[in-house]
There are 2 protein chains.
Amino acid sequence: MAHKGRKAVTSFDVAERAGVSRSMVSRAFSNSPEISKESRDKVIAAAKELGYRVNYLARGLQTKQSDLVGIVVSALDTPYRSRQVKVTASECIKLGYRPILLTAETPGEVETLVAMLFNYNVAGMIITSAAPSSEIINEARSLSVPVVLINRDSSEAGADTVQTDLEQIGRLAFDMLSRSGGKRFAVIEPETPSYSVTGRAASFRDVCAAAGQPAQTFVAPSQSYDAGYDIGGAIGLSLADLDGIFCSTDLLALGVMDRLRHDWNARIPEDLEVVGFDDIEQAAWKSYDLTTIRQDADEQARLAVRVMSERITDPDREPSHVSQIVTPIFRNTTRRNQ
Amino acid sequence: MAHKGRKAVTSFDVAERAGVSRSMVSRAFSNSPEISKESRDKVIAAAKELGYRVNYLARGLQTKQSDLVGIVVSALDTPYRSRQVKVTASECIKLGYRPILLTAETPGEVETLVAMLFNYNVAGMIITSAAPSSEIINEARSLSVPVVLINRDSSEAGADTVQTDLEQIGRLAFDMLSRSGGKRFAVIEPETPSYSVTGRAASFRDVCAAAGQPAQTFVAPSQSYDAGYDIGGAIGLSLADLDGIFCSTDLLALGVMDRLRHDWNARIPEDLEVVGFDDIEQAAWKSYDLTTIRQDADEQARLAVRVMSERITDPDREPSHVSQIVTPIFRNTTRRNQ
DNA sequence: TTGAAAGCGCTAACAC
DNA sequence: GTGTTAGCGCTTTCAA
């Protein structure tokens, strides 16, 4: 663990130096009205000379407040996620919270780390990785620390959620792919189930089925570019039977396109139309120019922080489940773009 | 700020429930040897029943230790950076530290946030954004909180640093571009100076000059893909006068390539050889297949955390400045690849 | 306005 | 082994 060498200049030292009591020091730094201008000035001056900093942790102990919050994330080194976390963190900071960043790749890790967060008396937490067990959610509930889940299953009673509208996604993808008249569609989903990305694929499949055009499913080893490149081989084999494909992730789409062009000399969108999901920065890169469905990472993050913050100030209100709308972004991997 | 509704089950409650003293509770949770197995078991059982969690913040107040550390980062939504932060955070956690994530885009923000970190009694901090002022570094020194700078100017006495070897980079880029016999080189650097990326460009320029082949400089608006796409226009104009170009960032390189291919119908490497820097994941994508210079983000992060941790345990030792080696990655944007 | 005193949740001597 | 006491750095009654 951590040694801590702080030179221990405390409110006591400042008080002594300024010739006032410790209460006065406290008042000076919590802009209390119960202090005269002279006292405040004396205190501030003394504090500066001594290099004093209020210890917020000690303060929190006394006031029974905490401005620490937890952010639990997996795959932070991924374009969408990193954007999401960036704005989640900055929104937290803007609102006066201090985010502790916990990276967890497996459900087990999530479990351990989230549990640990309780020891730090966090005011709330935002989870954008595998969802923790209901056991943990319940503990959070009984400790009354708000937890908001991003794009995770909302069936866990007690947690607030922010998530994209799965049904809309399926309909939209189907619509975007259908505009040019194509009817033979496929969808790619990752092998390891993920509530949101597996859900998108399922939603698309449902819409296709309802339209009497059952979609073929390709299972990729993960959600990454490499996984897309990998499954692109199988897709190449089926090129003649397919009009369009919905990739549950932009990264997957990019990998697929590269494989198809490289090994199958396929032209996109002429030979196959492609629709991705996320609208990561790379989707707009000229080599891809991917038609996709945007989920707004910034908005998602802001919503999550807002929900958490509202729940912190009003712990007893009903859990809220906010649903986020998604937008079609037409670029050049579909034929009809309007 | 944050209300905190923790249901206040304290060591006192557990002690009462277990029929022992609070010291015993403390001992049970800090695996002290000074406790009998029976007592420990009783305590653990009582704690579980009550849903007790040790308050680490209160503990820290008493033990004068803190396992909180700060990570200050800019441009987290960028491939290299997100990877770097991911492993920095996970390394911290692995070592028992809890990273507070602070995102700061401007030097002013960095200043404010770093200062704020002192209020949380952090055991140390890792900065991978603009470097804070020497005033702050000095404050950190006097409070004896270690600060390690990644790829920032090391002239600030007192801070530890981890950075890539700038001289090696220039030589390497020159060498990689020279293998095919080309002699007319250029380099791209961002408008807004950055210690590391401006340094790379300067280093390359020096080596070129020393070889009697002064390099042309293109100034891009930033370090991003879009900036590369932008300056790619100017580079297209000079295509006939150039054999190779060193892009101080992979993102820049990718943007340049896309622009050159799209608007100038340029073939790479036939018409122009390109060498990037970083080796982000996207550099390996088939549409680019970029020859580049790898700086190992994982290693960099691990080094930074290690340096910080060593400095925490031994605050009085001399600041260490570790220099990181960089590796050539030959792919297909240069003609001779061995 | 100001200060004295109590106490947040915890651990660390110190005695038993 | 175990309990008692004091105290970490801070804020907050409560009197003055």
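The values are calculated or read from the model by the stated rules, or taken from the named source; none is laboratory data. Being a predicted model, the structure only gives us computed values, none of them experimental. Using ideal geometry, Cβ is built from the backbone for each residue, glycine included, and neighbour counts are taken over all protein chains shown. Areas reflect the complete protein model, heavy atoms only, side chains present, ligands, DNA and RNA absent. Shrake-Rupley method; radii C 1.70, N 1.55, O 1.52, S 1.80 Å.
Put A:Glu156, A:Glu189, A:Glu318 in order of accessible area, largest first, 1.4 Å probe: what do you get?
Numbers: A:Glu156 55, A:Glu189 35, A:Glu318 145 Å².
Largest to smallest exposure gives the sequence A:Glu318, A:Glu156, A:Glu189.
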Exercise for the section: For the stretch B:166-295, report the accessible area per residue in Å² (1.4 Å probe, heavy atoms, rounded to an integer). Expected result: 35 Å²
Exercise for the section: Could you list which residues have their amide H under 5 Å from that of B:Ala186, counting only those 5 or more apart in sequence or on another chain, with H placed in the peptide plane? Expected result: B:Gln216, B:Gly244, B:Ile245, B:Phe246
Handout entry: Pairwise Cα inverse-distance average, inverted: Kirkwood Rh of the stretch B:11-54 (Å)
Key = 9.7 Å
Fill in the blank from the handout: Heavy-atom accessible area of B:Cys247, protein chains in place, probe 1.4 angstrom, given in Å² to nearest 10, is 0 Å²
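Can you compute the helix-only [θ] at 222 nm over the protein assembly as shown? Use -39500 (n - 2.57) per DSSP H run of at least 4 residues, normalise by all residues, nearest 500 deg cm²/dmol. Mind showing how you got there, number by number?
Numbers: 24 runs with 297 residues, N = 676.
When only DSSP H runs of four or more count, the value is -14000 deg cm²/dmol.
Within the protein assembly as shown, what whole-number % of the accessible surface is contributed by carbon and sulfur, with the 1.4 Å probe and all protein chains included in the calculation? Don't jump to the answer; show the numbers that get you there.
Details: 13260 of 27210 Å².
The nonpolar share, carbon plus sulfur, comes to 49 percent.
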Exercise for the section: Describe numerically, in nm with one decimal, the distance between label points set 7 Å from Cα along Cα→Cβ at A:Ser21 and at B:Arg22. Expected result: 2.4 nm
Handout entry: Per-copy distances of the A:Asp241 label point, shortest first, in nm (7 angstrom along Cα→Cβ)
Key = 5.7
Fill in the blank from the handout: Taking only protein heavy atoms and a 1.4 Å probe, the highest-to-lowest accessible-area order of B:Ser21, B:Ser129 is B:Ser21, B:Ser129
Problem - At least 30 Å² of accessible area lost relative to the chain alone, listed for the stretch B:37-84 with a 1.4 Å probe - result: B:Arg53, B:Asn55, B:Tyr56, B:Leu57, B:Leu61, B:Lys64, B:Gln65, B:Asp67, B:Leu68, B:Leu76, B:Asp77, B:Ser82
Exercise for the section: Starting from the Cα of B:Leu239, step 7 Å along the direction of its Cβ; do the same at B:Gln62; then give the gap between the two resulting points in nm. Expected result: 7.3 nm
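Per residue, how much space in cubic angstrom lies within the convex hull of the C-alpha atoms of the stretch A:230-287? Kindly include the intermediate steps, with their values, before the conclusion.
Values: hull volume 4.2 nm³, N = 58.
Taking only Cα atoms, the stretch A:230-287 has a hull volume of 72 Å³ per residue.
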Practice task
Go through the stretch A:119-164 and flag every residue whose accessible area shrinks by 50 Å² or more with all protein chains in place compared to the isolated chain (probe 1.4 Å).
Solution key: A:Asn119, A:Tyr120, A:Asn121, A:Leu143
Completion exercise
Applied in sequence order to the stretch A:256-267, the curve 6.51 cos²θ - 1.76 cosθ + 1.60 (Karplus, θ = phi - 60°) yields integer Hz couplings, x standing for Gly and Pro, of 4, 4, 4, 5, 4, 6, 6, 9, 10, 6, 6, 9
Problem - Loop-located trypsin sites (Lys or Arg not before Pro) in the stretch A:1-81 whose Cβ has at most 13 other Cβ within 10 Å (DSSP) - result: A:Lys7, A:Lys64
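Mind checking how much accessible area A and B bury in total, 1.4 Å probe, in Å² rounded to 100?
Numbers: alone 16960 and 16940 Å², together 27210 Å².
Chain pair A/B: roughly 6700 Å² of buried accessible area.
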Exercise for the section: Collect residues whose amide H, placed 1.01 Å from N in the peptide plane, falls under 5 Å from the amide H of A:His321; neighbours closer than 5 in sequence don't count. Expected result: A:Thr161
Completion exercise
Mean per-residue count of partner chain Cβ within 10 Å for B:92-102 equals 6
Practice task
Could you tell me the accessible area of A:Trp264 in Å² (1.4 Å probe, neighbours in place), rounded to the nearest ten?
Solution key: 100 Å²
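Got a sec? What order do A:Arg141, A:Arg294 fall in by accessible area at 1.4 Å, biggest, i.e. largest, first? Write down the numbers at each step before the final one.
On the way: A:Arg141 130, A:Arg294 95 Å².
In descending accessible area the options line up as A:Arg141, A:Arg294.
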Problem - Per residue accessible area of the stretch A:11-54, 1.4 Å probe, in Å² - result: 62 Å²
Practice task
For chain B, build the convex hull from the C-alpha positions and give me its volume per residue in Å³.
Solution key: 171 Å³
Problem - Placed amide H near B:Ile126: partners under 5 Å, 5+ positions off or other chain - result: B:Gly70, B:Ile71, B:Val72, B:Val148
Problem - Nm distances between copies for B:Gln324, ranked from closest, using label points 7 Å along Cα→Cβ - result: 3.0
Handout entry: From phi via Karplus (6.51, -1.76, 1.60), per-residue ³J(HN,Hα) for the stretch B:141-152 in Hz, x at Gly/Pro
Key = 4, 6, 8, 6, 10, x, 10, 10, 9, 9, 6, 10
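Below 8 Å between Cα atoms, with a sequence gap of 6+, how large is the relative contact order for the stretch B:11-54 in percent? Numbers along the way, then the final one.
Numbers: 42 pairs, mean separation 18.4, N = 44.
Taking the mean separation of contacting Cα pairs over the length of the stretch B:11-54, I get 42 percent.
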Completion exercise
In whole Hz, the Karplus estimates of ³J(HN,Hα) for the stretch A:302-318 (6.51, -1.76, 1.60; θ = phi - 60°; x where Gly or Pro) are 4, 4, 4, 5, 4, 4, 4, 5, 5, 5, 5, 7, 9, x, 8, 6, 5
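Given A:Lys64/B:Lys64; A:Lys94/B:Lys86; A:Lys48/B:Lys94, which pairs have Cα atoms separated by over 29 Å? Spell out each step's value before the answer.
Working: A:Lys64/B:Lys64 19 Å; A:Lys94/B:Lys86 22 Å; A:Lys48/B:Lys94 36 Å.
Violating the 29 Å limit, Cα to Cα: A:Lys48/B:Lys94.
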Problem - Label spacing, shortest first and in nm, from A:Ala115 to its equivalents in the remaining copies (7 angstrom along Cα→Cβ) - result: 4.1
Exercise for the section: Output the antiparallel fraction of DSSP beta bridges having both residues in the stretch B:202-338, as a percent to the nearest 5. Expected result: 35 percent
